[in-house]
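The block underneath contains the structure these notes are about, expressed in structure tokens.
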Amino acid sequence: MTMKSLRDLREEMRSVARGEREVPPLPAAAMLSTLSSPGNLELLRIINQERPASVSQLVARTGRAQPNVSRSLQLLARHGLIRLEREGKEVRPVALARSIDVDLAAGTYTAIGEARQGGKPPRARAANATAEH
């Protein structure tokens, strides 16, 4: 991966916001480390399949301690795999990705969501290998 100047990063962000270019793939190492935890994979599976209405429901479903689940959810959100939506006092985990495309040569990944908007895939695929969860 090459280093970019702050000016180049700002211009890249602006062009993505204007829709002039795709969101670039993200570095894969930290995300793969996060997914190496069976507990995190279990959370992703439950969020994708059962769609819990709150973190409290997820805690009850998994039997894990609430602070442990919250830390795991923050990691998953940081990698763009879920989103945490606040509704009053409750926080609801929402799945953003059903699969992940990993480009092993570049060391990057792209999270692939299940919904298509306007007939286009949500993001361009980056991949040589696909890791499904």
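Rule-based calculations on the coordinates, nothing more; no lab input. All values reported here derive from a predicted model rather than from experimental measurement. Reconstructed Cβ throughout: ideal geometry from the backbone, glycine too, with neighbour counts over all protein chains shown.
May I ask you to list the trypsin sites (Lys or Arg not before Pro) in the range 9-83 that are in a DSSP loop and have at most 13 other Cβ atoms within 10 Å of their Cβ? Intermediate values should be presented prior to the final figure.
Working: sites: 10, 14, 18, 21, 45, 61, 64, 71, 78, 83; in loops: 18, 21, 64.
For trypsin sites (Lys or Arg not before Pro) across the range 9-83 that sit outside H, G, I, E and B with at most 13 neighbouring Cβ atoms in 10 Å, the list reads 18, 21.
How do 12, 90 line up, fewest other C-beta atoms within 10 Å first?
Values: 12 15, 90 12.
Ranked by crowding around the Cβ, least crowded first: 90, 12.
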